[in-house]
Amino acid sequence: MDSNKDYFLKNVKGKEKALFLAYDQGFEHGPKDFNLNNVDPKSIIDIAEKSKSYTGLILLPGTAEKYYDVKKNNVPLIVKLNSKTRFHSENLSLQNCSVKRAKKAGAKAVGYTIYPGSKYEQQMYVELGRIIEEAHKENLKVVVWAYPRGDNVDEMNTDVIAYAARIASELGADYIKLKYNGDKPGFEWILKNSGRAKVLVSGGEKKDIRKEFEDIKDVISLGANGIAIGRNVWQDEKPISYSKAIESLIFKNYSVDKALEIYNKGKK
């Protein structure tokens, strides 16, 4: 394998863009996010495959092993290596899957969450440092969820987000997944602190579709490489149309109105 190959990027007029579909919420949130359709991991993999919109698919290890077929599925796999449940409030999430296990499942990248500001942050930094070293030896990319958390930490403050991005970058992240707080001038500062890592903005909780598209348009125009989105797509009644609309914003530079037109005209 070419150690420099990045399976997750599309070159669009000289700019590298990415769109990830995330399905790691079940461990973190429990069954509350699902219905009888999207509770089945196959339905989410089908969205990624049929829409042909995504450059990456995020799964937890057990889901990847049981549902992702390396011979049939074309969307590059990212296996998330840590998760925490909602049964406790501690801002600590430790590794529960090895890099080798993720690679065996077909992963081209691994993911890991850090909580800068948590009293447990150092444990996660040490673990992530080791994971990055192991992953890069296996020619796998590393996606870092950089989510500030902790007592007296304003997780949506621009400087705090920039600090979290800086930490992820200096630990060696290839991709940094972070939240957008609506501060357009401040987002440039966040990107600067991300260094040469690619920046993806989290989709977050389900929201008004126009607002979602406007936020995506904003962060892409400001310089983000792409979006990592989950519930807003697979909780929607027309997930493939939603995917096509987002794809148009990121890779085709369509307007929000044009993206909404693509969504509204779609049948599923």
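Among the strands (runs of 3 or more DSSP E) confined to region 1-107, the ones with at least 3 residues that are touching a strand residue (DSSP E or B) at 6+ places or on another chain (Cβ under 7 Å) are located at 15-23, 56-59, 77-80.
Please work out which residue is surrounded by the most Cβ atoms within 10 Å (Cβ to Cβ), limiting yourself to region 25-47 and to residues that are of a type outside the set (D, E, K, R) and over 22 Å from N82 (Cβ atoms). Among those that are of a type outside the set (D, E, K, R) and over 22 Å from N82 (Cβ atoms), it is I47. The residue that is farthest from L92 (Cα to Cα), counting only those in region 150-191 that are outside any helix (DSSP H, G or I) and among the acidic types (D, E), is D183. The selection criterion, being more than 30 Å from S118 (Cα to Cα) and polar (S, T, N, Q), does not hold for S93.
For I246, indicate whether it is surrounded by 24 or more Cβ atoms within 10 Å (Cβ to Cβ) and not in a helix (DSSP H, G or I). Talk me through it step by step, then tell me what you get.
Working: surrounded by 24 or more Cβ atoms within 10 Å (Cβ to Cβ): yes; not in a helix (DSSP H, G or I): no.
Spelling it out, it is not the case that I246 is surrounded by 24 or more Cβ atoms within 10 Å (Cβ to Cβ) and not in a helix (DSSP H, G or I).
Just one of the numbered conditions (1) assigned to a loop (DSSP other than H, G, I, E, B); (2) touching a residue at least 60 places away in the same chain (Cβ under 8 Å); (3) small (G, A, S) is not true of A228: (1).
Screening the candidates N91, N38, N82 for the property of being in contact (Cβ under 8 Å) with a residue 60 or more places away in the chain and among the polar types (S, T, N, Q) yields one hit, N38. Residues of region 141-148 include none that is without any contact (Cβ under 8 Å) to a residue 12 or more places away in the chain and either more than 19 Å from the chain's Cα centre (by Cα) or under 16 Å from G195 (Cβ atoms) (or both).
Condition first: of a type outside the set (G, A, S), more than 25 Å from I176 (Cβ to Cβ) and in contact (Cβ under 8 Å) with a residue 12 or more places away in the chain. Now tell me which residues in region 237-255 satisfy that.
Kept after step one, since they are of a type outside the set (G, A, S), are these residues of region 237-255: 237-240, 242, 244, 246-247, 249-254.
Narrowing the set further to residues that are more than 25 Å from I176 (Cβ to Cβ) leaves 237-240, 244, 254.
Selection gives K238, P239, I240, K244.
The set of residues from region 152-179 being in contact with a strand residue (DSSP E or B) (Cβ under 8 Å, 6 or more places away or on another chain), among the basic types (K, R) and surrounded by fewer than 22 Cβ atoms within 10 Å (Cβ to Cβ) comprises just one member, K179.
For region 201-215, filtered to residues that are closer than 14 Å to G226 by Cβ and not in a helix (DSSP H, G or I), the residue that is modelled with the lowest pLDDT is G203. In region 193-228, the residue that is surrounded by the most Cβ atoms within 10 Å (Cβ to Cβ) out of those that are more than 19 Å from T158 (Cβ to Cβ) and of a type in the set (G, A, S) is G226.
Can you name the residue in region 48-63 that is of a type outside the set (S, T, N, Q) and within 16 Å of the chain's Cα centre (by Cα) and is also surrounded by the fewest Cβ atoms within 10 Å (Cβ to Cβ) among such residues? Give the steps one after another, and end with the answer.
As a first pass, look at region 48-63 and keep what is of a type outside the set (S, T, N, Q): 48-50, 52, 54, 56-62.
The next check asks that each one be within 16 Å of the chain's Cα centre (by Cα); those that pass are 48, 54, 56-61.
Working: A48: 30, Y54: 26, G56: 26, L57: 26, I58: 28, L59: 28, L60: 23, P61: 20.
Looking at the filtered set, the residue picked out is P61.
Every residue in region 149-179 that is closer than 21 Å to I78 by Cβ and free of Cβ contacts under 8 Å to residues at least 40 places away in the same chain, please.
Filtering region 149-179 for residues closer than 21 Å to I78 by Cβ gives 164-165, 167-169, 171-179.
Scanning region 149-179 gives A165, S169, I176, L178, K179.
The values are calculated or read from the model by the stated rules, or taken from the named source; none is laboratory data. Model, not experiment: these values are computed from the prediction. Glycine also receives a Cβ, built like all others from the backbone with ideal geometry; neighbour counts cover every protein chain displayed.
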